[in-house]
């Protein structure tokens, strides 16, 4: 065995690897690692990426990489803190297989960790080709081991290698990474024939070859805890020493800003904590790569952000500002109350989404005004129109935490207002009939103390002495301009028509001011002229009159000429039919004829040429014979007024031969039925 040891040493020396035997010049140090961290929003995990560089001054390949991912206590325990691998003190039973992927090994490792009140953070690893990833190793770490395959070089001197990734839900902290050289075939492992002192020397030599580096790896610290604050403060100081912040001014600023945020935490002013952490985050985000490394950025940014998100706010203390202060209005005006809600405990920030309940606690408009919410700016408003005189005690209640609420209030004084009435209305007595015209005169007056806005006076007819404008039949209306107090508006000889279908017999007439109830008045009961108590009653007698039939004398087609003759059907209606009694007239097509054959020479062979019998409109085909003098359609119709009166006639529609000068279709006699096929 001793001879084999020396033979391997000699073979390695021939390959140009110096000092492989114990006591030689084997060099393995100054291994470099660069780390980056990103956050995956879809899973909430942190993605750690590593690149390792084995300097050319080393004499042996790097073959194993171990990351310390142990924590004190079970994962999830608020007391857990990070442990350096060198201080873990974990011992392993040599009888247990050390294959990191074997279940006996994993069970044994976890058991040993539990005995030491430690745990491994759950992580997922991936590596470059030729490297096996282990979530747990015999060193109680996570890491990667290079496989030994023909033609594959682990990580030789003078080379760098990336593609090492670790995924974890835990935040980055400064931790230990152990890089081990590939010494399996270099004769450094103790041989069974070695003397004790040689074995001890070899083991010491092997251990001394491992290179420890500080880099970023997951930490099990609880987000936002005091331990988290302490860890970030200590890690920031270590990062400065490691050169992760080559800009001394930036390092000093970050250290001071973190200390300021911690001071606000000690004061329990959480709003100030958020403000100062925002300054810290802005500083690290503004730093350039020349001022900080990727490790320095990830350490400060992700931890400060997590602390900020985990820190609550001060207990809310709303300040309610209701405007305007005490106000006075006339009736009909609109009062708008506006409230601004800010949080005194958190920098006067607007308080959005709070219930704002406006109500009149006492006064002529007592009751709810509005139930709304504050907007993003902390604003809420409510409006109401004064309809009764008096003083309102207007209040707003802000609900801000479960059963917590706060109120503010003021007074609104409603004094005076407009008041519209109709003191004069004619005719006092009327004999008329359905469809007959009649004349109206009225005076609409503002008897109130303030100006009245523009309004409408409407005239009604109703069957008994109980006037209800909502149920009465309106006869017409007129616009009334804005009226100052004491002013009036007069209407003279307005012409209206008695409705068709009104029942024969006695009826009553009335004129009502502000019929659309637009104006808010001192007295809403005196708007109408009809007043039995004051003997102001207008009556009318509806008599039966003979119905007159519609007049077809001015009937005309909606389209007198069809062009171009494209053989398409065109819609034609009858216009100009009137009714002396103003009854609505219904048109019904009774026949369609033409002066050319339906399917004659040179007309396109389309049939039928007319449609719409029994309906209110005709469909006529735009075509004529190419050898004739144009086509003329005759559309016969009957007009019905719905009261038994009718009239019948016809209208002519032409399709000229061409559009030359004086072109016109000539009617050669309506002898063909257009509706025939």
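The numbers here are math on the coordinates, done by the rules we state, and not lab data. Since the structure is predicted, the reported quantities are computational estimates derived from the model, not experimental observations. When we count neighbours, we look across all protein chains shown, and the Cβ atoms used for this are built from the backbone with ideal geometry, even at glycine.
Cβ-Cβ distance of residue 247 and residue 39, R₀ of 41 Å, FRET efficiency by 1/(1 + (r/R0)^6): the value works out to about 0.95. A full extension of the chain between residue 278 and residue 560 corresponds to an added length of 93.5 nm, given 0.36 nm per residue minus the alpha carbon distance. According to the square roots a ≥ b ≥ c of the eigenvalues of the Cα gyration tensor, what is the shape class of the stretch 556-673, taking rounded for a/c under 1.5, prolate for a/b larger than b/c otherwise, and oblate for the remainder? Judged from the Cα gyration tensor, the stretch 556-673 comes out prolate (a/c at least 1.5, a/b above b/c). Counting beta carbons within 10 Å around each of 563, 229, 144 and listing the fewest first gives the order 563, 229, 144. Consider a paramagnetic label point 7 Å from the Cα of residue 664 along Cα→Cβ; state which residues of the stretch 621-644 have an amide N under 16 Å from it. It comes to 629-633, nothing else. Estimated from the Cβ-Cβ distance and a Förster radius of 41 angstrom, the FRET efficiency linking residue 309 and residue 361 is about 0.45.
Annotation for the stretch 458-509 versus the stretch 31-45: alpha-carbon center distance of 83 Å. Kindly identify the stretch 205-251 as rounded, prolate or oblate by the Cα gyration tensor criterion: order the square roots of the eigenvalues as a ≥ b ≥ c, call it rounded if a/c is under 1.5, otherwise compare a/b with b/c, prolate if a/b is larger, else oblate. Taking the square roots of the gyration eigenvalues as a ≥ b ≥ c, the stretch 205-251 is oblate. Note on residue 389 and residue 607: with the Förster distance fixed at 60 Å, the Cβ-Cβ geometry gives a FRET efficiency of about 0.15. Residue exposure proxy: 358, 424, 438, ordered by other Cβ atoms within 10 angstrom of their Cβ from fewest to most, comes out as 424, 438, 358.
A viscosity of 1.567 mPa s and a temperature of 4 °C, combined with the Kirkwood radius over C-alpha pairs in the Stokes-Einstein formula, give the stretch 322-431 a diffusion coefficient of 82 µm²/s. Between residue 436 and residue 201, full extension at 0.36 nm per residue minus the direct alpha carbon distance yields a gain of 71.6 nm.
Potential lengthening of the chain between residue 29 and residue 169 amounts to 47.2 nm, from the contour at 0.36 nm per residue minus the alpha-carbon distance.
With each label modelled as a point 7 angstrom along the Cα→C-beta vector, the residue 415-residue 516 pair spans 3.2 nm. One Cα centroid belongs to the stretch 549-580, the other to the stretch 305-326; the line between them spans 74 Å. Averaging Cα coordinates gives a centre for the stretch 197-248 and one for the stretch 416-456; these two points are 95 Å apart. Classify the stretch 420-542: rounded, prolate or oblate, from the alpha-carbon gyration tensor (a ≥ b ≥ c, eigenvalue square roots; a/c under 1.5 rounded; otherwise prolate if a/b is larger than b/c)? Prolate shape, in that a/c is at least 1.5 and a/b is the bigger ratio. Listed by Cβ neighbour count within 10 Å, with the fewest neighbours leading, 308, 668 appear as 668, 308. Could you pull out which residues in the stretch 618-655 have an amide N less than 15 Å from a spot 7 Å beyond the Cα of residue 586, following the Cα-Cβ vector? Under 15 Å, as judged by backbone N against the label point of residue 586, lie 638-647 of the stretch 618-655.
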